[in-house]
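The values are calculated or read from the model by the stated rules, or taken from the named source; none is laboratory data. Note that this is a predicted model, so its numbers are computed, not measured. No Cβ is skipped: glycine too gets one built from the backbone with ideal geometry, and neighbour counts run over all protein chains shown.
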Amino acid sequence: MFENLRADLKAAGAHRRLERPWRVFIRRETKVILQYRFSAWVHRLHIPVIRQLLLIVALVWQRWNQIMLAGVLIAPDAEIGPGFTLHTAYGLQISPTTIGSGCTFNSNVLIGTAVKSIGDNCYFGPGCKIIGEVKIGNNVLVVANSVVLTDVPDNTTVMGVPARIKLPGGRLRKMPWKTLDGKKNVKPQPTAVEPQKIIV
C-alpha cells in the first residue's frame, strides 16, 4: 500500500521543488487517492476483528468523499497500479477492474463494471466513458467525451461517440458520400493520425 501511495504522491507533484510537498496533501484529489488506497488495503486484510472495524471506517470515509466531492466513487475492489493520478475529482466512477500504473483520470470519467482491464500510462479525458467488456492497452489516449465500446490496442488514440480508433501510420482512403442533389461523390477522409507519445 505504502509503495503505491508514495508513487501516487510523486505523480501528483510532491517531488517538485517549486511546489511545497504539503500542498499536495490538501488537494481534493489526494484525499480521494488516500481513501482508495486505505479501502483497498482493508479489503485485503486478513485479521478478523480489526478488518471489520477498519471496514466501517473505510465505508464512512468513502461515503464522505462521495458526498463532499461531488460523486467520486472508486471501488475498493479495483486494482490500480502505482502512479494513479487525478486531475479533477468530480463525478469520477471507477468500478472493480484492473488498471495499470501511471494512469491519469479527469472529471466525469466512467469506468464501467464490465471493463476487463486497462493498461499502463493511459490518459482519460474529461467526460469519457468506458462501457462494456472492453480491454484497453498500454499508452492509450482517450479524448474528452468519448464513449469506448470496443477493445483498444496499445499506443493508440480514440475519440468520438462511439469512439473510433486512430491507428498510427494512417493514410487517406476514399469513402462515398452524397451531395445535396443526391448524387454520390467520393471524398477523401483521414482514417488515422500519427502516433503520439503520451507522457504522464
*Taking strands (runs of 3 or more DSSP E) that do not extend beyond the range 140-179, which have at least 2 residues that are in contact with a Phe, Trp or Tyr (Cβ under 9 Å, 6 or more places away or on another chain), modelled with pLDDT under 75 and under 17 Å from ASN106 (Cβ atoms)?*
none
*Inspect the range 41-48 for any residue being under 22 Å from GLY112 (Cβ atoms) and surrounded by 16 or more Cβ atoms within 10 Å (Cβ to Cβ) and give the result as yes or no.*
no
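Yes or no, residue by residue, for (1) more than 17 Å from the chain's Cα centre (by Cα); (2) crowded, with 17+ Cβ neighbours inside 10 Å; (3) within 12 Å of GLU29 (Cα to Cα):
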residue	(1), (2), (3)
ASN65	yes, yes, yes
THR85	no, yes, yes
SER95	no, no, no
ILE99	no, yes, no
GLY102	no, yes, no
*Mind listing just one residue for me: the one in the range 125-142 that is surrounded by 18 or more Cβ atoms within 10 Å (Cβ to Cβ) and within 20 Å of ASP77 (Cα to Cα) and, of those, farthest from the chain's Cα centre (by Cα)?*
VAL134
*Quick one: which of VAL49, VAL24, VAL60 is within 20 Å of TYR90 (Cα to Cα), of a type outside the set (Lys, Arg) and either over 23 Å from the mean Cα position of the chain (by Cα) or at pLDDT 80 or above (or both)?*
VAL60
